[in-house]
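What follows is a set of notes on a single structure, which appears directly below.
The values are calculated or read from the model by the stated rules, or taken from the named source; none is laboratory data. Because the structure is predicted, anything quoted here is derived from the model rather than measured. Please note: Cβ atoms are built from the backbone with ideal geometry, for glycine as well, and neighbour counts cover all protein chains shown.
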Amino acid sequence: MGRLFPFSVASISDNTGRPPHSDIHEPPSLRIESNLITSPRTELGLQHNGAENCITCNDVGLNGVFLTWKDLWVTVADGENGRRAILQGLTGYAQPGELLAIMGPSGCGKSTLLDALAGRLGSNTRQSGEILVNGSKQRLTFGTSAYVTQDDTLMTTLTVREAVYYSAQLQLPDSMSRSEKKERAEMTIREMGLQDAMNTRIGGWSVKGLSGGQKRRVSICIEILTRPRLLFMDEPTSGLDSAASYHVMSRIVKLARHDGINVIASIHQPSSEVFEVFHNLCLLSSGKTVYFGSASMAKEFFDSNGFPCPALRNPSDHYLRTINKDFDSDTEQGHGGTTSTEEAINTLIKSYKSSETCQQVQSRVYEICQLKGGLLEKKGSQASFITQCLVLTRRSSVNMYRDLGYYWLRLAIYIALCLCVGTIFYDIGSSYGSIQVTQQGWTNPFMSYKLY
Ligand SMILES: Nc1ncnc2c1ncn2[C@@H]1O[C@H](COP(=O)(O)OP(=O)(O)OP(=O)(O)O)[C@@H](O)[C@H]1O
Ligand SMILES: [Mg+2]
């Protein structure tokens, strides 16, 4: 009998009477070679040496940064009950010129994984496992990697052009001329489709400026200016419509291919077009890997485990619906023998662990670990100390001049205060009694407080 999952939309009948994923013990035959053969690495000119998956040190020599993580656990203190695991034994890799998308329901650990890989975990977390950069244990240096955080932290008083240009001046080397920096800043703004908002102030809680989606794109602009070798992005498309998401992501992928950037991004709800630009997919549920491998092969993985994507449905929607258990009790279940989301997730996790894809990922990680590539040079900002001081002073002055709270509000308060004090002592006279009143006034705690 056909079964309904998820949410009574997919009717699956295999005419055998067996449950659709009763054959989960047979590992699905998923291969990732096809991805490697057609990967943008070839377009980047990164050559494999001999065997298809063998990576040579030349790959690393081309400034590419390979990132691998093995059995990665992240835990946080959980009251008196000990520790709670946020990430549970994740293994994976990310390669130059490719985009790895991290997907999963809200709270599954996407940002935590990005933070762990970027070395930005909070002090109340504990991490175990191995994270290697180019096959060796090393810190990601400033200038090598960039991180677009989930929340935008922008100066609200600056226009888009100013924000990106100041950032270009602060990050790009002094060997680049001013006009080149300006050109790079404007080109990046245009790449993110912000040409119409170039002179609009970013805006904040007090003054409305850019929309949320536009702010997101400004944050991306600022981080991709220097063309970092490793780019982490936490929800780069949140607040964007599907067309804008597609354009932003496809431009990032183009940039990744062109400059050999290794991009790792967490994404909430990609449209089917956006999903198609992903090279690899890491699907998480409650901190566990449901699937890691080629994004295009995820469909086959779900199909072979009894959760086929219904026709005309966005595959990423289907994957997320299948593994989101947050609303399980409210979910409309089908009749007779429906699978709970918890069971579905366990089935997929078990199946992934025993799949050929998982073994291929592990051997790929092993191969990358054998690289023992060069150490990342300590770069820091490429602008000189003097340039940084000058640019920061100018930016700060513009910010203070435009921010009402900095000068203008204070000026208004001081004028009002002067008037108050002035009226208290106005025309008080110069007799002995008047002097006494004046002295008492100045020593009054309220007045002293007001004036100091
Ligand atoms: N430093 C921390 N201390 C305590 N709990 C934490 C900490 N960091 C993350 N968590 C918890 O770990 C879980 C995963 O958080 P995380 O921010 O990684 O989720 P997410 O997948 O990025 O979610 P979203 O899609 O909503 O951004 C959440 O339940 C969160 O409360
Ligand atoms: Mg997050």
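Against the test of being within 19 Å of Arg395 (Cα to Cα), away from ligand 1 (no atom under 16 Å from the Cβ) and among the aliphatic types (A, V, I, L, M), the options Leu172, Leu231 yield a single qualifying residue, Leu172.
Does Thr156 count as surrounded by fewer than 22 Cβ atoms within 10 Å (Cβ to Cβ), outside the structural domain of Asp241 (by TED's automatic domain parsing), away from ligand 1 (no atom under 16 Å from the Cβ) and β-branched (Val, Ile, Thr)? It is true that Thr156 is surrounded by fewer than 22 Cβ atoms within 10 Å (Cβ to Cβ), outside the structural domain of Asp241 (by TED's automatic domain parsing), away from ligand 1 (no atom under 16 Å from the Cβ) and β-branched (Val, Ile, Thr).
The residues listed here are Ser123, Ser128; of these, the one that is within 16 Å of ligand 1 (Cβ to nearest atom), in a loop (DSSP other than H, G, I, E, B) and over 12 Å from the mean Cα position of the chain (by Cα) is Ser123.
Ala77 fulfils the conditions (1) within 9 Å of ligand 1 (Cβ to nearest atom); (2) closer than 26 Å to Gly239 by Cβ; (3) in contact with a strand residue (DSSP E or B) (Cβ under 7 Å, 6 or more places away or on another chain) except for a single criterion, (2). Among (1) within 16 Å of ligand 1 (Cβ to nearest atom); (2) more than 16 Å from Leu100 (Cβ to Cβ), where does Ser206 come up short? Against the list (1) within 16 Å of ligand 1 (Cβ to nearest atom); (2) more than 16 Å from Leu100 (Cβ to Cβ), Ser206 comes up short only on (1). Would you be able to say whether some residue in the range 190-209 is crowded, with 21+ Cβ neighbours inside 10 Å, of a type in the set (A, V, I, L, M), within 19 Å of the chain's Cα centre (by Cα) and under 23 Å from Asp115 (Cα atoms)? No, the range 190-209 contains no residue that is crowded, with 21+ Cβ neighbours inside 10 Å, of a type in the set (A, V, I, L, M), within 19 Å of the chain's Cα centre (by Cα) and under 23 Å from Asp115 (Cα atoms).
Taking the criterion of being more than 24 Å from Leu117 (Cα to Cα), of a type in the set (D, E, K, R) and in contact with a Ser or Thr (Cβ under 6 Å, 6 or more places away or on another chain), would at least one residue in the range 296-317 satisfy it? Within the range 296-317, none of the residues are more than 24 Å from Leu117 (Cα to Cα), of a type in the set (D, E, K, R) and in contact with a Ser or Thr (Cβ under 6 Å, 6 or more places away or on another chain). In the range 119-147, the residue that is nearest to ligand 2 (Cβ to nearest atom) out of those that are β-branched (Val, Ile, Thr) and farther than 27 Å from Gly79 by Cα is Ile131. Assess whether Asn134 counts as being surrounded by fewer than 19 Cβ atoms within 10 Å (Cβ to Cβ), more than 30 Å from Cys389 (Cβ to Cβ) and touching a residue at least 40 places away in the same chain (Cβ under 8 Å). The answer is no for Asn134.
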